[in-house]
Amino acid sequence: MDEIGWLGDELGRSGVGFAWAVRQVPADRLELAPPAGLGEWSALRHLFHMVWYEREFALPTMRLWLGGTPFTDDGLDEEADWQAQRTGVELGALLHAFAEGRDEQRAFLARLDPTAWTEERLIGPSGKPRPVPLSWVVAKTYQHTAEHTNDVLRIALFWDRFAG
């Protein structure tokens, strides 16, 4: 299997793994800040972050390789979006939004011209973009998923140890 196909499959599997990790956190702890030593964010906040990050950064960045228009992070404020939506956010809706975003990324990779994999585009914060290949963008999404899966599983597995 080629690298694009492999990484597309891994995006799917890691997305399923992240969603599974979130569902391992007891319902009464999903929205609670974890005990000291397990980070500052609740499991639900991690899930919101993943949905937000992939919608606002990962997908728009990937679209650059299909001729999408450059975007900036001007006006984006994840914390403000979280504060505005946190009281009405539902686990099922967030998990569904996360899965849809992953499906869109995998569909993008499936229709990608393989030569685009190593082509560089300017990405990054306004005023400080840098050239990176698409392979870096997709690998970053994979790494980001692993990072947050770890964080959420630590909440699910070690809450009582850190709380005691």
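Using Cβ contacts closer than 10 Å as the measure, can you line up Arg29, Arg13 from fewest to most?
Working: Arg29 16, Arg13 13.
If I rank by nearby Cβ atoms, fewest first, I get Arg13, Arg29.
Computed over all pairs of different Cα atoms, the Kirkwood value for the hydrodynamic radius of region 45-92 is 11.9 Å. Here the simple spin-label model places points 7 Å from the Cα toward Cβ, and for Trp82 and Asp9 these points are separated by 3.4 nm. Under the shape rule built on the C-alpha gyration tensor, where the axes satisfy a ≥ b ≥ c, region 70-164 is prolate, since a/c reaches at least 1.5 and a/b is greater than b/c.
Here region 134-153 and region 35-103 have alpha carbon centers that stand 13 Å from each other.
Using Cα pairs under 8 angstrom and six or more residues apart, how large is the relative contact order of the chain, in percent?
Values: 165 pairs, mean separation 66.9, N = 164.
Value for the chain: 41 percent.
Beyond 28 Å, the tail of the calculated P(r) for the chain holds 26 percent of the Cα pairs. First select every other residue whose beta carbon is under 10 angstrom from the beta carbon of Pro125; then total the charges, Lys and Arg +1, Asp and Glu -1. For residues surrounding Pro125, the net value is 0.
Values quoted throughout were computed directly from the atomic coordinates according to the rules given, and no laboratory measurement underlies them. What you are looking at is a predicted structure, and each value in this text was computed from that prediction instead of being measured. Because the Cβ atoms are built from the backbone with ideal geometry, glycine has one as well, and the counts that use them run over all protein chains shown.
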